[in-house]
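Taking it in order: structure first as structure tokens, then the write-up.
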């Protein structure tokens, strides 16, 4: 029981660091006009949440098939996934402006580019597949699903109340939280890379 709880907490923190709800909410506000209404923000929050949830279950269920189809070793995926996460972490620790995109059609911004690829991008894609590979039991799989759904709910709430959260936190606190998420994401990335290289080294040597 304790092991499952530890796995749940670890995966919850992992998803939270990669998804970075506060940073994503700032990007969403940057894509919207200053005249955006609460109704528009609510619609975008719903679109983004449904998009990442559907994408999560597609990757979770089809991840193994994807790996087999391309003949990819899970440890190779760990290495490249770790590199992708490390790039994301460095971006979060930097200015983060490269993740900003303009939205021509605000009606669909919750799906693209906010849901995919801003929230559910390459880093989250590889992380879901890696965690799926590491889940040895149905209970382990359940912990992964629960950890993601908790973060999806948090993401929805943060996006829905993004305007109020920005006013409450201010730009400085918002930037500090994003930097902390960047540090955590970087640590997770290094762990993925080292684990993958060590396992691959043992296999081929």
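Considering each residue of region 33-54, count those that are crowded, with 18+ Cβ neighbours inside 10 Å and within 15 Å of the chain's Cα centre (by Cα), and give that number. Working first, answer last.
Filtering region 33-54 for residues crowded, with 18+ Cβ neighbours inside 10 Å gives 41, 44-45, 47-49, 51-53.
Checking the rest, the ones that are also within 15 Å of the chain's Cα centre (by Cα) come to 48-49, 51-53.
Of the residues in that region, 5 qualify.
Quick check on this structure: which one of 193, 165 is at pLDDT below 85 and crowded, with 16+ Cβ neighbours inside 10 Å?
Numbers: 193 fails: at pLDDT below 85.
Among 193, 165, only 165 is at pLDDT below 85 and crowded, with 16+ Cβ neighbours inside 10 Å.
Could you check residue 136 against (1) part of a helix (DSSP H, G or I); (2) over 25 Å from residue 51 (Cα atoms) and say which number it fails?
If we test residue 136 against (1) part of a helix (DSSP H, G or I); (2) over 25 Å from residue 51 (Cα atoms), just (1) comes out false.
Tell me whether region 14-25 contains one or more residues that are assigned to a helix (DSSP H, G or I) and free of Cβ contacts under 8 Å to residues at least 60 places away in the same chain. Break it down stepwise before answering.
Here is the first cut: in region 14-25, the ones assigned to a helix (DSSP H, G or I) are 14-19, 21-25.
Keeping just the survivors that are free of Cβ contacts under 8 Å to residues at least 60 places away in the same chain gives none.
No, the conditions are met nowhere in region 14-25.
Return yes when residue 53 is more than 15 Å from residue 181 (Cβ to Cβ), touching a helix residue (DSSP H, G or I) at 6+ places or on another chain (Cβ under 9 Å), modelled with pLDDT of 80 or more and part of a helix (DSSP H, G or I) and no when it is not. Spell out how you get there, then give the answer.
Values: more than 15 Å from residue 181 (Cβ to Cβ): yes; touching a helix residue (DSSP H, G or I) at 6+ places or on another chain (Cβ under 9 Å): yes; modelled with pLDDT of 80 or more: yes; part of a helix (DSSP H, G or I): yes.
Against the criterion (more than 15 Å from residue 181 (Cβ to Cβ), touching a helix residue (DSSP H, G or I) at 6+ places or on another chain (Cβ under 9 Å), modelled with pLDDT of 80 or more and part of a helix (DSSP H, G or I)), residue 53 qualifies.
Working carefully through the options 149, 159, find the one that is surrounded by fewer than 19 Cβ atoms within 10 Å (Cβ to Cβ), at pLDDT 90 or above and in a helix (DSSP H, G or I).
Values: 159 fails: surrounded by fewer than 19 Cβ atoms within 10 Å (Cβ to Cβ).
Result: 149 is the single residue among 149, 159 that is surrounded by fewer than 19 Cβ atoms within 10 Å (Cβ to Cβ), at pLDDT 90 or above and in a helix (DSSP H, G or I).
Being closer than 15 Å to residue 22 by Cβ and touching a residue at least 12 places away in the same chain (Cβ under 8 Å) is true for just one of 161, 156. Which residue is that?
Values: 161 fails: touching a residue at least 12 places away in the same chain (Cβ under 8 Å).
So the residue among 161, 156 that is closer than 15 Å to residue 22 by Cβ and touching a residue at least 12 places away in the same chain (Cβ under 8 Å) is 156.
Could you list, in sequence order, the residues of region 93-111 that are touching a helix residue (DSSP H, G or I) at 6+ places or on another chain (Cβ under 6 Å), modelled with pLDDT of 75 or more and closer than 20 Å to residue 177 by Cβ?
93
Filter region 65-83 for residues that are modelled with pLDDT of 80 or more and closer than 19 Å to residue 195 by Cα; which is surrounded by the most Cβ atoms within 10 Å (Cβ to Cβ)?
82
The values are calculated or read from the model by the stated rules, or taken from the named source; none is laboratory data. Since this is a predicted model, take the numbers as computed values, not measurements. Please note: Cβ atoms are built from the backbone with ideal geometry, for glycine as well, and neighbour counts cover all protein chains shown.
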